[in-house]
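The values are calculated or read from the model by the stated rules, or taken from the named source; none is laboratory data. None of the values given here were measured: they were computed from a predicted structure. Every residue, glycine among them, receives a Cβ derived from its backbone with ideal geometry; neighbour counts consider all protein chains shown.
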Amino acid sequence: MAKPNKKGPTKTIMIFCSKCKAPLYKYRKGGKGALVKCFVERIVEDHTTTKCECPQCQSIFARETLIRGTPAYKMIGGKVMVK
């Protein structure tokens, strides 16, 4: 399998906690599908203090994993919202 493009897409989205609406990441997303995973190298701004945990309500919204040999966060369904 090929690794994800280093430069990545130019379109950025904001990812928020769906429980308390706190901002989590500003992310360069490719494609128009649902947000399933976030590659760590594509995160532009990180508002979290600990990995995969909301800074306000401390709910866990993702799991750390390797996808195609690249570190990524796999989102848990319904825990995040995108704008």
* Asked: Within the stretch 57-69, which residues are of a type in the set (S, T, N, Q) and either loosely packed, with under 13 Cβ neighbours inside 10 Å or under 18 Å from LYS29 (Cα atoms) (or both)?
  -> GLN58, THR65
* Among all residue pairs at least 6 apart or on different chains, which show Cβ distances below 6 Å where the first residue, located in the stretch 64-75, is of a type in the set (Ser, Thr, Tyr) and the second is part of a strand (DSSP E or B) and surrounded by 11 or more Cβ atoms within 10 Å (Cβ to Cβ)? -> THR65/ALA72; THR65/LYS74; THR70/PHE39; TYR73/CYS38; TYR73/ALA62
* To do: Output the qualifying pairs, or none if there are none: Cβ atoms under 6 angstrom, residues six or more apart or on different chains, first residue in the stretch 1-23 and surrounded by 12 or more Cβ atoms within 10 Å (Cβ to Cβ) and outside any loop (DSSP other than H, G, I, E, B), second residue modelled with pLDDT of 95 or more and of a type in the set (D, E, K, R).
  => THR12/LYS26; MET14/LYS26
* Restricting the search to the stretch 51-70, which residues are at pLDDT 95 or above and β-branched (Val, Ile, Thr)? -> ILE60, THR65
* Structure fact -> Going through (1) among the charged types (D, E, K, R); (2) modelled with pLDDT of 95 or more; (3) surrounded by 15 or more Cβ atoms within 10 Å (Cβ to Cβ) one by one, ASP46 fails only at (3)
* Asked: Do the conditions hold for PHE39, that is, is it touching an Asp or Glu at 6+ places or on another chain (Cβ under 9 Å) and surrounded by 14 or more Cβ atoms within 10 Å (Cβ to Cβ)?
  -> no
* **Selection within the stretch 25-35 - surrounded by 12 or more Cβ atoms within 10 Å (Cβ to Cβ) and either in a loop (DSSP other than H, G, I, E, B) or in contact with a Phe, Trp or Tyr (Cβ under 6 Å, 6 or more places away or on another chain) (or both)** => LYS29, GLY30, LEU35
* Residue in the stretch 38-61 that is farthest from THR12 (Cα to Cα), counting only those that are among the hydrophobic types (A, V, I, L, M, F, W, C) and assigned to a loop (DSSP other than H, G, I, E, B) -> CYS57
